[in-house]
Amino acid sequence: MNKPVLLIVDDAPQVHAAVRRDLRSQYREQYTVMSAKSGQEALETARELKSRGDSLAMVISDQRMPGMLGNEVLARSREVYPLARRVLLTAYSDIEAAVKGINEAHLDHYLSKPWDPPEERLFPVIDDLLDAWQAESLPEATGLRLVGHQWSPRSHAIKNFLASSLIPYRWLDVARDPATRALLDAAGVAADELPALLFEDGFVLRNPEPRQVAERLGRSLSAAFDLYDLVIVGAGPAGLAAAVYGASEGLRTLLLDRHAPGGQAGSSARIENYLGFPAGVSGSELTRRALTQAQRLGAEVLAPLEVTGISIDAGHKRLTLTDGRELVTRTMLAATGMIYREHPATGVAEHTGAGVYYGAATTEAPAFAGRRVLVIGGGNSAGQGALHLARYAREVQIVVHRETLRETMSQYLIDQIEKTQNIRLRPRTEVDRVDGEGHVERVALRSLQDGACQVEEADALFVFIGTRPRTDWLPPDVLRDAKGFVLTGRDLIAADAYERVWKESREPLPLETSVAGVFAAGDVRAGAMNRVASAVGEGSMVVRLAHEYLALT
Ligand SMILES: Cc1cc2nc3c(=O)[nH]c(=O)nc-3n(C[C@H](O)[C@H](O)[C@H](O)COP(=O)(O)OP(=O)(O)OC[C@H]3O[C@@H](n4cnc5c(N)ncnc54)[C@H](O)[C@@H]3O)c2cc1C
């Protein structure tokens with residue numbers, strides 16, 4: 001296997017030589033540095049690399065070149081190597097081009113010239129982007145392979161688990177790829193044992209649960225200590241932020257998730273409004289960074305592990321896990337967020353995981369290349385999902401009850417959707433029924449204008465309708481509002497049951513629930529803002545408040 005390539009595109013000999021020199025000095029052990037003097041030459045090089053089966057990790061292009069501007073080179077290189085990182089070299093005066101590149105060419109970073117000293121201004125950026133590229137790419141012949149049927153809910157569950165756990169793997173659909181039969185025969189896997197997970201060392205897991213996969217990958221599922229200062233339930237943005245601050249501020253911190261770190265944000269194809277990421281950041285990339293940070297600072301992370309209940313024992317909180325084990329902690333954070341509501345239409349439940357997916361646009365999108373899919377819902381998550389699916393599917397239809405997306409979706413997403421030719425809006429429409437033999441084949445859509453029902457062919461439905469809080473594991477003493485969201489701080493005082501439930505002589509701290517020392521942050525909390533940034537802010541605040549609580553006890 002040849003080393004992955006870093007491709008420099010610049011027509012100015014001096015700049016070209018400087019980038020080449022700097023990149024070679026730092027990366028030549030692991031990467032081949034190649035160069036092109038024009039956009040045309042760069043695209044030819046990319047196509048040639050592709051035809052040889054080589055990997056392209058990054059394209060770094062100058063903006064100002066005769067013939068083809070850098071932005072166009074980067075946008076077109078994406079068609080050949082969608083995962084390669086794209087960096088634009090600009091002059092300070094060219095920030096406008098960089099912003100345009102972010103919006104249109106989806107570039108990952110722009111670098112202003114000159115970047116001396118490279119140790120401070122070039123290598124950290126390139127290292128970061130190459131780490132992200134490595135986390136997503138896997139050479140053809142090596143690594144973990146998941147073989148199964150596209151329409152099997154268990155295949156979907158394992159794909160989802162591996163993707164959310166940031167474990168690179170290759171998906172092989174037995175129905176589409178005839179070569180998989182030989183692979184399965186060689187591994188001794190029978191048809192009724194699918195999906196099968198084939199490890200590089202020859203080990204095979206047959207029809208595994210996510211938990212077995214985690215164990216085989218060496219993930220510990222047992223807590224290291226008997227007592228913690230802070231246990232965080234839910235590793236979405238709120239939980240991850242609390243883990244970073246808890247561990248860095250000296251609390252013995254444990255973070256648990258029933259699925260894998262990332263939460264709802266982890267399923268987002270592109271978060272464009274999180275501070276500090278001008279080119280946007282995918283949910284999986286943000287999760288990878290946060291998780292690495294939390295673990296480096298000393299937080300313990302266990303997943304998949306579900307908390308099913310808590311009880312209070314002389315101020316200590318006892319958490320019960322699905323496997324019956326218990327954990328004890330002095331303070332606890334409920335950061336279990338929200339989940340999508342199930343779609344009530346006939347046929348949806350039977351086809352869940354077999355063409356009906358909740359969220360999951362990033363995990364399943366490649367499997368729908370060239371097909372026709374429906375996105376149900378008109379919120380921002382539906383918009384992001386539709387845009388991501390449109391990169392693969394032949395046609396994406398967004399099905400919504402309202403006349404337009406204006407009241408439910410941010411304008412920047414509406415603009416991008418309008419510019420995407422293979423996305424179509426189906427206003428004033430609802431899904432009436434889903435049919436198919438073993439997987440989704442047809443959908444009956446009802447017009448809300450005249451009630452007429454029309455049956456259409458569709459390969460999948462990605463459902464992004466309303467959400468509900470995940471609070472069923474909390475005891476009744478943790479008070480909630482009428483919709484089930486957890487009440488905290490001063491909001492508690494107005495609750496009817498407050499006098500009966502609150503046992504302390506002081507008032508609850510901000511973000512503290514009606515059980516002293518149990519906090520709630522992020523989407524699970526009544527009054528939450530439902531944004532990544534606010535969840536991160538609340539999760540970080542809880543650590544200060546946990547210190548305050550511990551000082552009182
Ligand atoms: C597709 C999509 C795109 C989005 N895009 C944006 C965006 O661009 N910008 C933005 O600001 N916001 C966006 N949002 C909203 C944002 O992701 C949420 O507001 C944010 O993730 C809330 O974080 P959280 O930590 O409170 O909860 P969540 O992200 O919901 O995480 C909760 C975690 O708790 C775990 N959990 C639940 N119950 C248990 C249990 N009993 N035991 C153990 N673990 C449990 C879950 O597995 C989950 O990982 C998007 C949401 C979605 C779905």
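The values are calculated or read from the model by the stated rules, or taken from the named source; none is laboratory data. In this text the structure is predicted, and so the values were computed from the model without any measurement. When we count neighbours, we look across all protein chains shown, and the Cβ atoms used for this are built from the backbone with ideal geometry, even at glycine. Keep in mind that these areas ignore ligands, DNA and RNA; they rest on the heavy atoms of the full protein, side chains included. Shrake-Rupley method; radii C 1.70, N 1.55, O 1.52, S 1.80 Å.
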Whole-angstrom gap from region 323-395 to region 233-290, using each part's C-alpha centre: 18 Å
Accessible area of region 217-290 divided out per residue, in Å², using a probe of 1.4 angstrom: 38 Å²
Cα-only Debye scattering, region 344-387: base-10 log of I(q)/I(0) at q = 0.19, 0.20 Å⁻¹: -0.62, -0.69
Segment residue 540-residue 313, extension gain: residue separation times 0.36 nm, minus the distance between their alpha carbons: 79.1 nm
DSSP beta bridges in the chain [antiparallel fraction, %, rounded to 5]: 35 percent
Whole-Å distance, taken between Cα centres, linking region 409-426 and region 81-95: 25 Å
Extension gain from residue 391 to residue 448, taking 0.36 nm per residue of separation minus the Cα-Cα distance: 17.6 nm
Region 268-358: radius of gyration and largest Cα-Cα distance (Dmax), Å: 18.4, 49
Cross-link reach list, lysines versus residue 503, counting only Cα pairs under 29 Å and skipping chain neighbours closer than eight places: 317, 483
Under 5 Å, built H, 5+ apart or other chain: amide partners of residue 398: 375, 424, 425, 426
Computed over the chain: relative contact order in percent, which uses C-alpha pairs under 8 Å that are six or more apart: 10 percent
Relative contact order, percent, region 404-549 [alpha-carbon distance under 8 Å, six or more residues apart]: 12 percent
Rg(Cα) / (2.2 N^0.38 Å) computed for region 417-479, rounded to two decimals: 1.65
Helix-only [θ]222 nm of the chain, DSSP H runs n ≥ 4, -39500 (n - 2.57) each, per residue, nearest 500: -9000 deg cm²/dmol
Residue-wise HN-Hα coupling along region 467-472, computed from phi with Karplus coefficients 6.51, -1.76, 1.60 (Hz; x: Gly, Pro): 10, 9, x, 9, 10, 5
Alpha-carbon centroid distance for the pair region 44-74 / region 493-545, whole angstrom: 51 Å
Subset of 3/50; 100/419; 50/100 violating a 18 Å alpha-carbon distance limit: 50/100
Under the Debye formula (equal points on every Cα, no solvent term), log10 I(q)/I(0) of region 10-155 at q = 0.14, 0.19 Å⁻¹: -0.69, -1.21
FRET E, pair residue 106, residue 216, Förster distance 35 Å, beta-carbon r, rounded to 0.05: 0.50
For region 237-392, convex hull volume per residue from C-alpha positions, Å³: 148 Å³
The chain - percent of accessible surface contributed by carbon and sulfur, probe 1.4 Å: 49 percent
Heavy-atom accessible area ranking, 1.4 Å probe, most first, across 317, 3, 113, 419: 419, 3, 113, 317
Interchain or long-range residues, amide H under 5 Å from residue 316's placed H: none
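So what's the projected area for region 405-511, the Cα convex hull averaged over all directions, in nm²?
11.9 nm²
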FRET efficiency for residue 203 and residue 179, using Cβ-Cβ distance with R0 set to 30 Å, rounded to 0.05: 0.90
Highest average packing first - 340-350, 542-552, 175-185, Cβ atoms within 10 Å: 542-552, 340-350, 175-185
By average C-beta atoms within 10 angstrom, highest first, the peptides 510-517, 525-532, 23-30: 510-517, 525-532, 23-30
Probe 1.4 Å, protein heavy atoms only - accessible area per residue of region 453-526 in square angstrom: 46 Å²
Förster-model FRET efficiency, 45 Å R0, residue 497 and residue 224, C-beta, rounded to 0.05: 0.75
Region 128-226 - Rg (one decimal) and Dmax (whole number), Cα, Å: 14.3, 51
Region 134-215, relative contact order [Cα under 8 Å, separation at least 6], %: 34 percent
Fraction in percent of alpha-carbon pairs per bin - 5 Å, region 452-553: 2, 11, 20, 20, 16, 9, 5, 4, 4, 4, 3, 1, 1
Enclosed volume per residue, in Å³, of the convex hull spanned by Cα atoms of the chain: 174 Å³
Whole-number D in µm²/s for region 195-317 (Stokes-Einstein; Kirkwood sum over Cα pairs; 20 °C, 1.002 mPa s): 134 µm²/s
Per-residue ³J(HN,Hα) for region 393-399, Karplus 6.51 cos²θ - 1.76 cosθ + 1.60, θ = phi - 60°, Hz, x for Gly and Pro: 6, 5, 9, 10, 10, 9, 9
Under the Karplus curve 6.51 cos²θ - 1.76 cosθ + 1.60, θ = phi - 60°, whole-Hz ³J(HN,Hα) for region 448-463, x wherever Gly or Pro sits: 7, 7, 10, x, 5, 10, 10, 8, 10, 7, 8, 9, 7, 10, 10, 9
Sorted largest first, extent of region 70-136 alpha carbons per principal axis (Å): 33, 29, 14
